[in-house]
Amino acid sequence: MQDKIVIGEVLKPQGIRGEVKVKPLVDEVSDLKTVKRVFIGDTEYKILSARADAQAAYLALSGVADRNAAELLRGKEVLADRADLPVLEEGRYYIVDILGCAVVTENGIRLGEIADILPAHTDIYVLKEGDKEFMFPAAEGVILSVDTEKKTVTVSEKRIGEVLVEQ
């Protein structure tokens, strides 16, 4: 498992005092308010203050004193140490832990590997097998189990047959 996890992307400067608006890549925007430090590029930043609304987090970072400094961070990924993030509930996973997992049916048939996850109300998993690409929703009944240690996602053969779409 990776020690650092992408938790957001800097969208733009917010105001003139160096605050940045961050698009969250976590389920709960408010979780970003609990993080004490982040990494953007090769630099570690202490979070001086954080606030959140329904769609974004606003962070004041050490060493980012004005709008010009904040502008230099636009479009960059915001990472945090896994240890600094809240513990996830049972059945919840960080995207980085799902990427690269093999997808197999409950009968052991390998379907491919998870190449991407598209965030939506019900996340869409992008599955690759050779040159082919498929998509399926992470809907109830489709995914039976996830084992991040063994890098395996087990799906219902019946349900995956109903929802799997080839790209």
In region 12-63, anything polar (S, T, N, Q) and not in a loop (DSSP other than H, G, I, E, B) is listed as Gln14, Ser30, Thr34, Thr43, Ser49
Scanning region 101-118 for residues that are surrounded by 11 or more Cβ atoms within 10 Å (Cβ to Cβ) and part of a loop (DSSP other than H, G, I, E, B), the one nearest to the chain's Cα centre (by Cα) turns out to be Cys101
Does Glu44 satisfy the condition of being under 17 Å from Asp27 (Cα atoms) and without any contact (Cβ under 8 Å) to a residue 12 or more places away in the chain? no
Only one of Asp81, Asp31, Asp66 is surrounded by 15 or more Cβ atoms within 10 Å (Cβ to Cβ) and either modelled with pLDDT of 90 or more or small (Gly, Ala, Ser) (or both), namely Asp81
Residue pairs within 6 Å by beta carbon, gap of at least six or interchain, first lying in region 51-71 and farther than 11 Å from Ile16 by Cβ, second among the β-branched types (Val, Ile, Thr) and not in a strand (DSSP E or B), listed first then second, are Ala52/Val29; Ala57/Val29
**Asked** In region 67-85, is there at least one residue being in a helix (DSSP H, G or I) and within 14 Å of the chain's Cα centre (by Cα)?
**Response** yes
Residues in region 79-99: is at least one more than 16 Å from Pro24 (Cβ to Cβ) and in contact with a helix residue (DSSP H, G or I) (Cβ under 6 Å, 6 or more places away or on another chain)? no
Restricting attention to region 119-134, the residues that are of a type outside the set (A, V, I, L, M), closer than 16 Å to Tyr93 by Cβ and either touching a Ser or Thr at 6+ places or on another chain (Cβ under 9 Å) or part of a strand (DSSP E or B) (or both) number exactly 1
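The values are calculated or read from the model by the stated rules, or taken from the named source; none is laboratory data. It should be emphasised that the depicted structure is a prediction, and the values quoted were computed from it without experimental measurement. Because the Cβ atoms are built from the backbone with ideal geometry, glycine has one as well, and the counts that use them run over all protein chains shown.
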